[in-house]
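The values are calculated or read from the model by the stated rules, or taken from the named source; none is laboratory data. Just so we're clear, the structure is a prediction, and the values are computed from it rather than from any experiment. Neighbour counts are summed over all protein chains in view; Cβ atoms, including those assigned to glycine, are modelled from backbone coordinates with ideal geometry. Keep in mind that these areas ignore ligands, DNA and RNA; they rest on the heavy atoms of the full protein, side chains included. Shrake-Rupley method; radii C 1.70, N 1.55, O 1.52, S 1.80 Å.
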Amino acid sequence: MESLKLLALSGSLRKNSYNTFALEALKVLAPSHTEIALGEIGDLPLFNPDRELENIPVLNKLKLSLGEASGLIIASPEYAHGISGPLKNALDWLVSGIEFPYKPIMLINTSPRASHAQEALKEVLRTMSGNIIEKSCVSIPLLSSELDCKGIIENEEIANTLIVGINNFYQETAAQKT
Ligand SMILES: Cc1cc2nc3c(=O)[nH]c(=O)nc-3n(C[C@H](O)[C@H](O)[C@H](O)COP(=O)(O)O)c2cc1C
């Protein structure tokens with residue numbers, strides 16, 4: 001089976017973030033022919049189009065890992081019915097680059113009650129010509145669960161949802177590469 005590199009971004013900067021835990025768990029649960037790297041967006045400067053031609057090492061690193069990845073996985077919280085600021089900031093930096101368009105995308109929603117941000121995020125991603133793989137998008141009830149990465153892996157139902165999502169994502173992404 002073809003090995004695929006995937007980039008995962010958490011929209012939360014919180015140390016004990018459910019979204020980050022979900023991505024860390026996904027790294028463990030994903031099939032062995034996937035290699036998931038967690039990208040860093042917390043140290044990106046605030047987006048300013050005047051700075052787009054500047055040499056910004058954290059941005060270069062993000063673009064490089066996105067360019068090398070066959071697919072993008074995003075897990076992000078809802079804040080005041082909107083997309084998290086850090087994630088929107090990162091996406092704005094990626095709008096004009098060549099790395100993002102047509103990239104297959106898997107979305108993980110860690111709070112099923114939070115629907116506004118997911119819809120808004122999908123709109124942004126589609127506007128950026130992202131390729132959302134709907135059958136890989138999953139919703140898992142982590143909010144208030146107190147589950148960390150290990151807890152998610154050990155929770156059969158949640159782990160299974162993630163496994164189904166990442167397997168669907170692998171299949172679609174690998175098929176689109178050929
Ligand atoms: C300032 C703030 C605003 C929030 N607004 C919403 C909201 O509008 N809808 C919602 O479902 N959850 C909302 N939440 C809850 C977060 O989405 C939730 O705590 C989530 O787990 C944060 O993600 P994390 O655990 O990855 O940091 C809000 C939390 C904060 C701190």
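Only Cα sites of region 57-153 enter the Debye sum here, all with the same form factor; the resulting log10 I(q)/I(0) across q = 0.12, 0.15, 0.17 1/Å is -0.41, -0.63, -0.80, listed in q order. Along the axis of the charge dipole computed for the chain (Cβ charges of +1 for Lys and Arg, -1 for Asp and Glu, origin at the Cα centre), the listed residues Ala175, Asn19, His81 are led at the positive end by Ala175. The distance linking region 110-159 with region 72-103 is 14 Å (Cα centroid to Cα centroid, whole angstrom).
Per DSSP helix of 4 or more residues, -39500 (n - 2.57); summed, then divided by the residues of the chain. What does that give at 222 nm, rounded to the nearest 500?
Value at 222 nm, helices only, nearest 500: -13000 deg cm²/dmol.
When each of the peptides 167-173, 142-148 is scored by the mean number of other C-beta atoms lying within 10 Å of its residues, the order from highest to lowest reads 167-173, 142-148.
In the context of the full set of protein chains, residues of the chain present 51 Å² of accessible surface per residue (probe radius 1.4 Å, heavy atoms only).
Near Lys103, the amide H atoms lying under 5 Å from its own belong to Asn131; only residues 5 or more places off or on other chains count, and H is placed 1.01 Å from N. Each principal axis of the Cα cloud of the chain was evaluated for its coordinate range; sorted largest first, these ranges are 48, 41, 26 Å. Total lysine pairs in region 4-177 at Cα distances under 18 Å, for residues eight or more apart or on different chains: 19.
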